[in-house]
1. For the residue pair residue 114 and residue 10, what label-to-label distance in nm results when each label sits 7 Å from Cα along the Cα-to-beta-carbon direction?
2. Only Lys, Arg, Asp and Glu count, each charged at its Cβ (+1, +1, -1, -1), so figure out the dipole size of segment 70-240 about its Cα centre, rounded to 20 debye.
3. Could you check the spin-label model distance between residue 190 and residue 26? Points 7 Å from the Cα along Cα→Cβ, value in nm.
4. Could you work out the relative contact order of the chain? I mean the mean sequence separation of Cα pairs under 8 Å and 6+ apart, divided by the number of residues, in percent.
5. Treating the beta-carbon of each Lys and Arg as +1 and of each Asp and Glu as -1, no other charges, what is the dipole magnitude of segment 2-65 about its Cα centre, to the nearest 20 debye?
6. Please label the shape of segment 2-65 as rounded, prolate or oblate, based on the square roots a ≥ b ≥ c of the eigenvalues of the alpha-carbon gyration tensor (a/c under 1.5 means rounded; beyond that, a/b larger than b/c means prolate, else oblate).
7. Take the cross-link list 163/189; 8/74; 158/227; 16/201; 7/78 and give me the ones stretching past 27 Å between alpha-carbons.
8. Of 24, 61, 36, which is farthest towards the positive pole of segment 2-65's charge dipole, taken about the Cα centre with +1 and -1 on the beta-carbons of Lys, Arg and Asp, Glu respectively?
Amino acid sequence: MYLAREKKSHFIVALKVLHKSQLTKAGVEHQLRREIEIQAHLRHPNILRLYGYFYDQNRIYLILEFAAKGELYKELQKNTRFDEKRSAKYIRSLAGALNYCHSRHVIHRDIKPENLLLDMRGELKIADFGWSVHAPKDRRETLCGTLDYLPPEMVAAKPHDNKVDVWSLGVLMYEFLVGSPPFEAATAKETYMRIAKVDIKWPEHVTEPARDLITKLLQKDSESRMKLTDIENHPWIRQHCA
């Protein structure tokens, strides 16, 4: 990743450089094309803008919005966990951005701290659309995303829809408040089992209203999960985002 400046306007952007040979070797050319196609059309204050791309014989260059404060993951590591006010602000922003994606028939499928960036003002930006998919009607059946964030329907290899992003939001909220994902275990098999049973253990400091919202997002039955549009009216969000 490079920092670049447009000559005429002095506009600062981030330049992501991808090597064609590595993309071919990993067999992800199609995935990259899809990522560019999806991200270039999204316009939301909490989604990182993809301004355009160009390429030469060996490389592809993505011109991206510059998020000055970097990865949220590093910020979380530095702080161990976030307080309720900060967590609520991020969850509300993400709910709005994901709702926008879903209105454009885009499922993100890989919401986690590593794929979230912060701009100069500390506003959250969804950055990586590598696993996202444009799915106007069909339910998807691909297993993708990151194990700790996978919902029960994907763990059970059942078809899934945009409610996978609602589940990820619940996992993320827990991780913001606790410092680690709720279903983390020593082995992948144990993690799978904990996800399948929705086995959540609550540290004492997680308040009742926070537990209530996380529980409403982490419902095993995807149809029972809280609607993204209802999140901003949840008492916990209203209390901390007043």
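Throughout, read-outs are computed from the coordinates displayed, never taken from laboratory work. Keep in mind that what you see is a predicted model, and the values were worked out from it rather than measured. Cβ placement follows ideal geometry from the backbone for every residue including glycine, while neighbour counts extend to all protein chains displayed.
1. Each label point lies 7 Å from its Cα, and together they span 3.7 nm.
2. 200 debye
3. Modelled inter-label distance: 2.9 nm.
4. The value is 18 percent.
5. Using Cβ point charges on Lys, Arg, Asp and Glu, segment 2-65 gives about 120 debye.
6. oblate
7. Correct reply: 8/74; 16/201; 7/78.
8. Of the listed residues, the answer is 61.
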